[in-house]
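The values are calculated or read from the model by the stated rules, or taken from the named source; none is laboratory data. The structure displayed is predicted, hence computed values, not measured ones. Heads up, the Cβs are rebuilt from the backbone with ideal geometry, glycines too, and the neighbour counts pull from every protein chain shown. All accessible areas refer to the heavy atoms of the entire protein, side chains included, with ligands and DNA or RNA removed. Shrake-Rupley method; radii C 1.70, N 1.55, O 1.52, S 1.80 Å.
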Amino acid sequence: MALEILRRTPVWVWIVLAALIAYGWYLGRPQRIARARVLVLPLVLTVIAVAGVVSVFGRAIGPLLAFGVGFSSALGLNQWLQLPGGVRREADLYLIPGSWIPLLLMLGIFLTKFAVGVISNVRPDLLARSDFPAAAAAVYGLTSGLFAARALHILRTRD
């Protein structure tokens, strides 16, 4: 069955995965980025995550609430983790040490979207339950929320 799922996956999905891996690899190196660029990736990934929830589960309150819980939990968690560490600021640029965490988070969002897509085709009955949509939406919220929390931590860095 797994082989059949992989065979039926459109080519563009693998292209997106390759692009995410390449960009995550790039983010593994130290970066010098402007304030606006700090915000772009978290905004894009949050929009993709919310779109993933709405496209599969509709505008039902349960999954949207679970997304919010995951997202806010990530913000709170990063208050404790303080990621990324070692950020410095020089004038209008943020110096961010390389990290594999963005790659892992992007892969988390991708794999969640992929798994939800597969499950919705193989076991559509799970979409009608309350636990599956809530769990999937919470994972979307947690992964995209960690990106947002990471950006907030970077933007709080002083000279």
Which residues, counting only those in segment 100-141, are under 10 Å from the mean Cα position of the chain (by Cα), hydrophobic (A, V, I, L, M, F, W, C) and under 18 Å from Val40 (Cα atoms)?
-> Leu103, Leu104, Leu105, Met106, Leu107, Ile109, Phe110
Does at least one position in segment 47-60 carry a residue that is farther than 13 Å from Gly141 by Cα, β-branched (Val, Ile, Thr) and modelled with pLDDT of 95 or more?
-> no
Restricting segment 39-59 to residues that are of a type in the set (Gly, Ala, Ser) and within 18 Å of Met106 (Cβ to Cβ), which is most open to solvent (accessible area, probe 1.4 Å)?
-> Ala51
Looking only at segment 150-157, decide whether some residue is farther than 15 Å from Pro42 by Cα and outside any helix (DSSP H, G or I).
-> yes
Could you say which residue among Leu105, Leu155 is within 25 Å of Leu20 (Cβ to Cβ), buried (at least 16 other Cβ atoms within 10 Å of the Cβ) and either among the β-branched types (Val, Ile, Thr) or modelled with pLDDT under 95 (or both)?
-> Leu105
Filtering segment 1-31 down to residues that are modelled with pLDDT under 95 and charged (D, E, K, R), which residue is least open to solvent (accessible area, probe 1.4 Å)?
-> Glu4
Kindly list, by first and then second residue, each pair from a residue in segment 28-48 that is within 16 Å of Leu146 (Cα to Cα) to a residue that is small (Gly, Ala, Ser) and open to solvent by less than 30 Å² (accessible area, probe 1.4 Å), limited to pairs with Cβ atoms under 6 Å and residues at least 6 apart or on different chains.
-> Val38/Ala151; Leu39/Ala151; Pro42/Ala148; Pro42/Ala151; Leu45/Ser144; Thr46/Ser144
Working carefully through the options Gly86, Gly117, find the one that is at positive phi and not charged (D, E, K, R).
-> Gly86
